[in-house]
Amino acid sequence: MSEAEKAAAKKVALITGANKGIGLETGRQLGKLGYAVLLGARDVPKGEAAAKQLRADGIDARAVKLDVTKAEDIAAVTRMIESKFGKLDVLVNNAGVMQEKGWTQNCTSTTEPAKLRATFEANFFAVVALTNSLLPLLRKAEAARVVNVSSILGSVSLQATKGSPTYGTKLFAYNSSKAALNMFTIHLAHELRHTKIKVNSAHPGWVKTDLGGSGAPMDVVEGAVTEVQLATLPEDGPTGGFFHLGEAISW
């Protein structure tokens, strides 16, 4: 089998924001399952260091320059995957930002418009743009999986229900961007309902990362589990859902 044939036969996963934290661990776990993993990173040296770390564990990993908010990076990574692999089996939209400082005492009416726009640009518009760019390659895979990394804070019903676990955490920019991302999941899954592509939202959990903070109860190994589960769903698995560790979360 030629190198080109080997590349085409192997399942390929692109993970955004993957030079550290949950993204990197998702790459590690998928790599251990035999996937070729592409670690999207804004900072190329950091991405290369992460890929080297995975290769030391015997994983087929490589870094790709990908700032998801830059159209030129999206176009470049799409061309590279088309040229090298000819298809994409898994897309994990893991990259995201939180502009608010602290988990409480954030006032909706005083959220700075610039922070709101920047949050939506990274957490929603960039995901839509990247996914749509890669959709032709996802269609070429045997049964592709799209995982949109959301948050339980994007559950509108829980945000509206007094006494729910997230009721008091009102991060307007972040929460609303994840709610919008969930809507994208629902709509894209419906569009692709007659294909073998599955599209789902993942809540990794509250994880010890730069975003989650040191006080979070879960480590990155646990945090990556939901993403990996949804990236490797069987043919009879769900689509258009919102999950944490195999359990559905209310929208």
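Some notes on this structure:
- Selection of the range 152-199 for residues being touching a strand residue (DSSP E or B) at 6+ places or on another chain (Cβ under 6 Å) and among the polar types (S, T, N, Q) yields Asn182, Thr185.
- Only a single item in (1) at pLDDT 95 or above; (2) in contact with a strand residue (DSSP E or B) (Cβ under 8 Å, 6 or more places away or on another chain); (3) surrounded by fewer than 22 Cβ atoms within 10 Å (Cβ to Cβ) is not met by Ala7, and it is number (1).
- Set side by side, the residues Ala180, Ala95 differ, and just one is touching a helix residue (DSSP H, G or I) at 6+ places or on another chain (Cβ under 6 Å) and either within 27 Å of Ile197 (Cβ to Cβ) or among the β-branched types (Val, Ile, Thr) (or both), which is Ala180.
- Check on Pro234, under 21 Å from Gly31 (Cα atoms) and either at pLDDT below 95 or part of a loop (DSSP other than H, G, I, E, B) (or both): yes
- Checked against (1) out of contact with any Phe, Trp or Tyr (no Cβ under 9 Å at 6 or more places or on another chain); (2) surrounded by fewer than 19 Cβ atoms within 10 Å (Cβ to Cβ), Thr108 passes all but condition (1).
- Restricting the range 187-220 to residues that are surrounded by fewer than 18 Cβ atoms within 10 Å (Cβ to Cβ) and modelled with pLDDT of 95 or more, the residue that is nearest to the chain's Cα centre (by Cα): His187
- Only listed residue being under 22 Å from Gly96 (Cβ atoms) and under 19 Å from the mean Cα position of the chain (by Cα), chosen from Lys46, Lys32: Lys46
- Yes/no for Arg145 being touching a strand residue (DSSP E or B) at 6+ places or on another chain (Cβ under 7 Å) and charged (D, E, K, R): yes
- Residue list for the range 37-72, restricted to those being out of contact with any helix residue (DSSP H, G or I) (no Cβ under 9 Å at 6 or more places or on another chain) and under 18 Å from Thr131 (Cβ atoms): Glu72
- Pairs with Cβ under 6 Å, 6+ apart, first in the range 145-168 and on the phi > 0 side of the Ramachandran plot and surrounded by 24 or more Cβ atoms within 10 Å (Cβ to Cβ), second assigned to a loop (DSSP other than H, G, I, E, B) and modelled with pLDDT of 95 or more: none
- Qualifying positions in the range 111-139 - surrounded by fewer than 15 Cβ atoms within 10 Å (Cβ to Cβ) and under 21 Å from the mean Cα position of the chain (by Cα): Arg117, Asn132, Pro136, Arg139
- Of the residues Thr108, Thr119, the single one that is of a type in the set (Val, Ile, Thr) and touching a residue at least 60 places away in the same chain (Cβ under 8 Å) is Thr108.
- Within the range 136-146, one or more residues are touching a helix residue (DSSP H, G or I) at 6+ places or on another chain (Cβ under 7 Å), of a type outside the set (Val, Ile, Thr) and assigned to a helix (DSSP H, G or I).
- Test: residue in the range 57-72 that is farther than 21 Å from Val228 by Cβ and not charged (D, E, K, R): yes
The values are calculated or read from the model by the stated rules, or taken from the named source; none is laboratory data. No experiment lies behind these values; they were computed from the predicted model shown. Don't worry about glycine lacking a Cβ; one is built from the backbone with ideal geometry, like all the others, and counts go over all protein chains shown.
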